[in-house]
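K.L.:
Take a look at the following structure, please.
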Amino acid sequence: MALPDADTARDLLRHMLRIRAFEDACAELYSATKIRGFLHLYNGEEAIAAGVIPLLDAQDAIVATYREHGHALVRGVDMGAVMAEMFGMQEGCSRGRGGSMHLFDAAARLYGGNAIVAGGLPLAVGLALADAMQQRPQLSACFFGEGAAAEGEFHESLNLAALWRLPVLFVCENNQYAMGTALARSEAETDIHLKARSYGLASAAVDGMDLLAVREAAQTAIDHVRGGHGPYLLECHTFRFRAHSMFDGQLYRDKSEIERWRARDPIDLFEREARNLRLLADDARAALQAEVDAEVAAAVAFAEAGTPEPVDRLMRDVYTDTPA
Amino acid sequence: MNAATLTYREAMRQALRQALADDPRVFLMGEDIGRYGGCYAVSKGLLEEFGEERIRDTPLSESAFTGAGIGAALGGMRPIVEIMTVNFSLLALDQILNNAATLRHMSGGQVSVPLVIRMATGAGRQLAAQHSHSLEGWYAHIPGLKVVAPATVTDARHMLAAALADPDPVIVFEHVMLYNAEGPLEAVEAVPLTGAAVRRPGRDLTLITYGGSLPKVLAAAEQLAADGIEAEVIDLRCLRPLDDATLMASVGRTRRAVIVDEGWRSGSLAAEISARIVEQVFYDLDAPPARVCSAEVPVPYPKHLEDAALPQVDGIVAATRGVLGRG
């Protein structure tokens, strides 16, 4: 695929900076007890959402995991609505009912934030089945961690998608650790994309810290799926820079390993490469950072000004016909 | 008017056929529903009539194909997922509880899951302890689901359409001992999805049951009538939501109740109904509610032990006499 033009390069950097700044703000707000529950941050993995999602069409569906703030933001869900969701306010993108792990936006065809590992894969298969049966040209993109490969639903879903040649783009965000368990401590075969081959899926692995590499691999995968050749699994090697959630002493991994990956920060890598390619001006990042910081501040203010849902509406949305 | 007589299986098949014919969004998905014709032959012939696109044989992947049904429902289809037996549905419980029952709420009301899941339930065919249980009560515990158990040919014929018309996930339990049962198909166009039905009026006490136990309860009522005891028989039809109004109107009048439930007694649907009776019509009661449930044992294979584990007519009659003080 051709290199992005200057405008696109700016957009891609902006996507990653927005995610990073949003996540850092969430960590602070968690410490300030404005955000509660579990909070899984995407720092370090930004190049995947930013590399894949802008290549999707508006009508494509997305199913993500409990580490999905970045996917929602890149997809275009309003940052204020995402932050309000963190705060549990009814202005949140899931009306406050879901929280960090369950971001939804039906208009953006974002079908959650699924917090059961591998639980989103069957949904993506079904969304793709609905598209195929209704002769719609779109695909379903399903993001999940490498930990999902140990679950039966991963294997069942890959097989079903391949058997029925459904338009599913499986994106494995292999951040090396399923919570605190290193991949090699839970799988004999640690190449996730090879598992996909055994089910008859096309697949590839890519450096998930390299945004342009992710983008190129994703375009190949998307072309494959859109071409009617069945599902595709793209494995992206990455690393989360922060703890699994907010209660994690990170005793399971060495500081040196974290530092080694941090040295390949996807934002820095992309900025450097784009500047070398003369796609970005030297001062572009600073200008974008200022924009993004302002957006995050506005999102936090929006969430702070949010309104808790009245308790007398507790029972709404259990069933479709429950009166509001 | 003479009603046509047909089997429960044939009624269910007619319901499926009509659903497929009426709505191009409807399709069937499950294990051995197509080429094989359905584990209990309910879907026999539908593959030839509607084709592989809409009668989808699946791999033995309960979680994936149930979840795919949820996804397809999100995507605008009206899937009917068949799970061979309720015991196998445990392999799909993640999808049923964590997604089907939950997505509407978790999304703040942005999405609905118009999915129908059919499954066989219950004992009586000597299928032992992994194919014979009645776990309807577990599903009836879950907010976000509707749970129905058609017990008559007419309900088998028409409840599916009501389930498909519902915007939320509906689980349809079909008791394995009903498939061969013949009964009259009443001349109705439709039946409601929810609400209990009085299957036999009576003044002396209320027998409350559902699904595969209904024929046993009706047989018990017949025996009791020979002794001058007029039992009212209520078929719950819908296990979630429960029709408290019909139950309490009956029990409030007869002042006595026996609940017959093929599930295990502890934590059962019968326990829930008993609690509701005590909560709502306690001061109208002349005796404590009684329960006839399955023995708390995994269902055994030998016929005599299986029979002994399940609610039977004699036990229902005995429990009824006990509640009437005529044991």
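The values are calculated or read from the model by the stated rules, or taken from the named source; none is laboratory data. If you're wondering where the values come from, they're calculated on a predicted model, not measured in any experiment. All Cβ positions, glycine included, derive from the backbone under ideal geometry; neighbour counts span all protein chains shown.
K.L.:
Read through the list (1) farther than 20 Å from A:Glu46 by Cβ; (2) under 22 Å from the mean Cα position of the chain (by Cα); (3) of a type outside the set (Lys, Arg), then give the number of the only condition that A:Ala213 fails.
P.N.:
Unmet condition: (1).
K.L.:
Still on this structure, I have one more. Out of curiosity, is B:Ser63 at pLDDT 95 or above, in a helix (DSSP H, G or I) and among the hydroxyl-bearing types (Ser, Thr, Tyr)? Explain how you work it out, then say what you get.
P.N.:
Numbers: at pLDDT 95 or above: yes; in a helix (DSSP H, G or I): yes; among the hydroxyl-bearing types (Ser, Thr, Tyr): yes.
Yes: the conditions hold for B:Ser63.
K.L.:
Any idea how many residues of the stretch B:267-304 are assigned to a loop (DSSP other than H, G, I, E, B) and surrounded by 20 or more Cβ atoms within 10 Å (Cβ to Cβ)? Steps first, please.
P.N.:
Our first condition is that a residue be assigned to a loop (DSSP other than H, G, I, E, B); within the stretch B:267-304, this holds for B:267-268, B:285-289, B:295-302.
Pick out the ones that are also surrounded by 20 or more Cβ atoms within 10 Å (Cβ to Cβ) and you get B:268, B:289, B:299.
Looking only at that region, the number is 3.
K.L.:
Here is a follow-up. Which of the residues belonging to the stretch A:42-68 are farther than 23 Å from A:Ala205 by Cα and either surrounded by 24 or more Cβ atoms within 10 Å (Cβ to Cβ) or among the polar types (S, T, N, Q) (or both)? Write out each step before concluding.
P.N.:
Taking the stretch A:42-68 first, the residues farther than 23 Å from A:Ala205 by Cα are A:58-59.
Across the stretch A:42-68, the qualifying residue is only A:Gln59.
Residue-wise test of (1) crowded, with 20+ Cβ neighbours inside 10 Å; (2) out of contact with any Ser or Thr (no Cβ under 8 Å at 6 or more places or on another chain); (3) among the aromatic types (Phe, Trp, Tyr); (4) under 20 Å from B:Glu272 (Cβ atoms).
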{"residue": "B:Ala156", "(1), (2), (3), (4)": "yes, yes, no, no"}
{"residue": "B:Arg203", "(1), (2), (3), (4)": "no, no, no, no"}
{"residue": "B:Ser213", "(1), (2), (3), (4)": "yes, yes, no, yes"}
{"residue": "B:Arg237", "(1), (2), (3), (4)": "yes, no, no, yes"}
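K.L.:
Is the stretch A:19-30 home to any residue that is in a loop (DSSP other than H, G, I, E, B) and either surrounded by 24 or more Cβ atoms within 10 Å (Cβ to Cβ) or not charged (D, E, K, R) (or both)? Give the derivation first.
P.N.:
As a first pass, look at the stretch A:19-30 and keep what is in a loop (DSSP other than H, G, I, E, B): none.
The answer is no, given that none of the residues of the stretch A:19-30 is in a loop (DSSP other than H, G, I, E, B) and either surrounded by 24 or more Cβ atoms within 10 Å (Cβ to Cβ) or not charged (D, E, K, R) (or both).
K.L.:
Filter the stretch B:11-39 down to the residues that are surrounded by fewer than 20 Cβ atoms within 10 Å (Cβ to Cβ) and aromatic (Phe, Trp, Tyr) and list them by number.
P.N.:
Listed by number, the list holds a single entry, B:Tyr36.
K.L.:
Filter the stretch B:78-124 down to the residues that are facing chain A (nearest Cβ under 7 Å), surrounded by fewer than 24 Cβ atoms within 10 Å (Cβ to Cβ) and not hydroxyl-bearing (Ser, Thr, Tyr) and list them by number.
P.N.:
Result: B:Asp94, B:Asn98, B:His105, B:Gly108, B:Gly109, B:Gln110, B:Val111.
K.L.:
Is it the case that some residue within the stretch A:37-50 is in a helix (DSSP H, G or I), within 28 Å of B:Ala72 (Cβ to Cβ) and either away from every other protein chain (no Cβ under 12 Å) or in contact (Cβ under 8 Å) with a residue 40 or more places away in the chain (or both)?
P.N.:
Of the residues in the stretch A:37-50, the ones in a helix (DSSP H, G or I) are A:46-50.
From the residues that got through so far, the ones that are within 28 Å of B:Ala72 (Cβ to Cβ) too are A:48-49.
Filter once more, keeping what is either away from every other protein chain (no Cβ under 12 Å) or in contact (Cβ under 8 Å) with a residue 40 or more places away in the chain (or both): A:48-49.
Taking every residue of the stretch A:37-50 in turn, at least one turns out to be in a helix (DSSP H, G or I), within 28 Å of B:Ala72 (Cβ to Cβ) and either away from every other protein chain (no Cβ under 12 Å) or in contact (Cβ under 8 Å) with a residue 40 or more places away in the chain (or both).
Every residue, every condition in (1) more than 17 Å from B:Met177 (Cα to Cα); (2) touching a Pro at 6+ places or on another chain (Cβ under 8 Å); (3) in the same structural domain as B:Ala226 (by TED's automatic domain parsing); (4) modelled with pLDDT of 95 or more, yes or no:
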site: B:Ser268; (1), (2), (3), (4): yes, no, yes, yes
site: B:Val278; (1), (2), (3), (4): yes, yes, yes, yes
site: B:Pro288; (1), (2), (3), (4): yes, no, yes, yes
site: B:Cys293; (1), (2), (3), (4): no, yes, yes, yes
site: B:Tyr301; (1), (2), (3), (4): no, no, yes, yes
site: B:Asp307; (1), (2), (3), (4): no, no, yes, yes
site: B:Gln312; (1), (2), (3), (4): no, no, yes, yes
site: B:Ala319; (1), (2), (3), (4): yes, no, yes, yes
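K.L.:
For the stretch A:99-128: of the residues being at the interface with chain B (Cβ under 7 Å from one of its Cβ atoms) and part of a loop (DSSP other than H, G, I, E, B), which is farthest from A:Gly80 (Cα to Cα)?
P.N.:
A:Gly119
K.L.:
Any residue at all in the stretch B:31-40 that's among the hydroxyl-bearing types (Ser, Thr, Tyr) and more than 10 Å from chain A (Cβ to nearest Cβ)? So that I can check it myself, show each step before the final result.
P.N.:
If we filter the stretch B:31-40 for residues that are among the hydroxyl-bearing types (Ser, Thr, Tyr), which is where we start, we get B:36, B:40.
When the remaining residues are screened for being more than 10 Å from chain A (Cβ to nearest Cβ), the result is B:36, B:40.
Yes.
K.L.:
Does B:Ile259 satisfy the condition of being within 27 Å of B:Val191 (Cβ to Cβ) and modelled with pLDDT of 95 or more? Let's see the steps before the verdict.
P.N.:
Values: within 27 Å of B:Val191 (Cβ to Cβ): yes; modelled with pLDDT of 95 or more: yes.
For B:Ile259, the condition - within 27 Å of B:Val191 (Cβ to Cβ) and modelled with pLDDT of 95 or more - is met.
K.L.:
A follow-up question, please. Please enumerate the residues belonging to the stretch B:207-247 that are farther than 20 Å from B:Ala149 by Cα and without any contact (Cβ under 8 Å) to a residue 60 or more places away in the chain.
P.N.:
B:Ala221, B:Glu222, B:Ala225, B:Ala226, B:Asp227, B:Gly228, B:Glu230
K.L.:
Which condition breaks for A:Ala196 when tested against (1) within 7 Å of chain B (Cβ to nearest Cβ); (2) under 18 Å from A:Leu233 (Cβ atoms); (3) not aromatic (Phe, Trp, Tyr)?
P.N.:
A:Ala196 satisfies every listed condition except (1).
K.L.:
What is the residue count in the stretch A:283-324 for residues that are assigned to a loop (DSSP other than H, G, I, E, B), within 14 Å of another protein chain (Cβ to nearest Cβ) and at negative phi? Working first, answer last.
P.N.:
Residues of the stretch A:283-324 assigned to a loop (DSSP other than H, G, I, E, B): A:283, A:305-310, A:314-324.
Subset that is within 14 Å of another protein chain (Cβ to nearest Cβ): A:306-309, A:314-324.
From the residues that got through so far, the ones that are at negative phi too are A:306-309, A:314-316, A:318-324.
Count: 14.
K.L.:
Then there's this: In the stretch A:145-160, which residues are crowded, with 20+ Cβ neighbours inside 10 Å and over 17 Å from A:Gly200 (Cα atoms)?
P.N.:
Those that are crowded, with 20+ Cβ neighbours inside 10 Å and over 17 Å from A:Gly200 (Cα atoms): A:Gly145, A:Glu146, A:Gly147, A:Ala148.
K.L.:
Here is a follow-up. Condition (residue is out of contact with any Leu (no Cβ under 7 Å at 6 or more places or on another chain), surrounded by fewer than 24 Cβ atoms within 10 Å (Cβ to Cβ), touching a residue at least 12 places away in the same chain (Cβ under 8 Å) and away from chain A (no Cβ under 14 Å)) applied to the stretch B:48-63: is it met by at least one residue?
P.N.:
There is at least one residue in the stretch B:48-63 that is out of contact with any Leu (no Cβ under 7 Å at 6 or more places or on another chain), surrounded by fewer than 24 Cβ atoms within 10 Å (Cβ to Cβ), touching a residue at least 12 places away in the same chain (Cβ under 8 Å) and away from chain A (no Cβ under 14 Å).
K.L.:
Same structure, new question: Within the stretch B:173-191, is even one residue within 14 Å of chain A (Cβ to nearest Cβ) and either buried (at least 24 other Cβ atoms within 10 Å of the Cβ) or under 28 Å from B:Met84 (Cβ atoms) (or both)?
P.N.:
Step one: of the stretch B:173-191, the residues within 14 Å of chain A (Cβ to nearest Cβ) are none.
Checked against the condition, which is being within 14 Å of chain A (Cβ to nearest Cβ) and either buried (at least 24 other Cβ atoms within 10 Å of the Cβ) or under 28 Å from B:Met84 (Cβ atoms) (or both), the stretch B:173-191 yields no hits at all.
K.L.:
If only one of A:Ala128, A:Ala118 is at positive phi and of a type in the set (A, V, I, L, M), which one is it? Give the derivation first.
P.N.:
Working: A:Ala128 fails: at positive phi.
Exactly one residue qualifies, and that residue is A:Ala118.
K.L.:
So, in the stretch A:129-141, of the ones that are more than 10 Å from chain B (Cβ to nearest Cβ) and buried (at least 24 other Cβ atoms within 10 Å of the Cβ), which residue ends up nearest to A:Ala182 (Cα to Cα)?
P.N.:
Of the residues in the stretch A:129-141, the ones more than 10 Å from chain B (Cβ to nearest Cβ) are A:135, A:137, A:139, A:141.
Okay, now just the ones that are also buried (at least 24 other Cβ atoms within 10 Å of the Cβ), so A:139, A:141.
Numbers: A:Leu139: 31, A:Ala141: 25 Å.
Across the stretch A:129-141, the extreme among qualifying residues is A:Ala141.
K.L.:
Is it the case, given these coordinates, that A:Leu73 is in contact with a strand residue (DSSP E or B) (Cβ under 6 Å, 6 or more places away or on another chain) and assigned to a helix (DSSP H, G or I)? Break it down stepwise before answering.
P.N.:
Values: in contact with a strand residue (DSSP E or B) (Cβ under 6 Å, 6 or more places away or on another chain): no; assigned to a helix (DSSP H, G or I): yes.
When the stated conditions are applied, A:Leu73 does not pass them.
K.L.:
Determine whether B:Arg255 is surrounded by fewer than 14 Cβ atoms within 10 Å (Cβ to Cβ) and touching a residue at least 12 places away in the same chain (Cβ under 8 Å).
P.N.:
Working: surrounded by fewer than 14 Cβ atoms within 10 Å (Cβ to Cβ): no; touching a residue at least 12 places away in the same chain (Cβ under 8 Å): yes.
No: the conditions fail for B:Arg255.
K.L.:
Just to be sure before I move on: is A:Ala81 more than 10 Å from chain B (Cβ to nearest Cβ), modelled with pLDDT of 95 or more and surrounded by fewer than 23 Cβ atoms within 10 Å (Cβ to Cβ) in the structure I sent? Spell out the reasoning first.
P.N.:
Details: more than 10 Å from chain B (Cβ to nearest Cβ): yes; modelled with pLDDT of 95 or more: yes; surrounded by fewer than 23 Cβ atoms within 10 Å (Cβ to Cβ): yes.
Yes: the conditions hold for A:Ala81.
K.L.:
Give me the pairs, please: first residue somewhere in the stretch A:63-77 and more than 14 Å from every other protein chain (Cβ to nearest Cβ), second residue anywhere and assigned to a helix (DSSP H, G or I) and among the aromatic types (Phe, Trp, Tyr), beta-carbon distance under 7 Å, and either six or more positions apart or on two chains.
P.N.:
Correct list of pairs: A:His69/A:Phe22; A:Leu73/A:Phe22.
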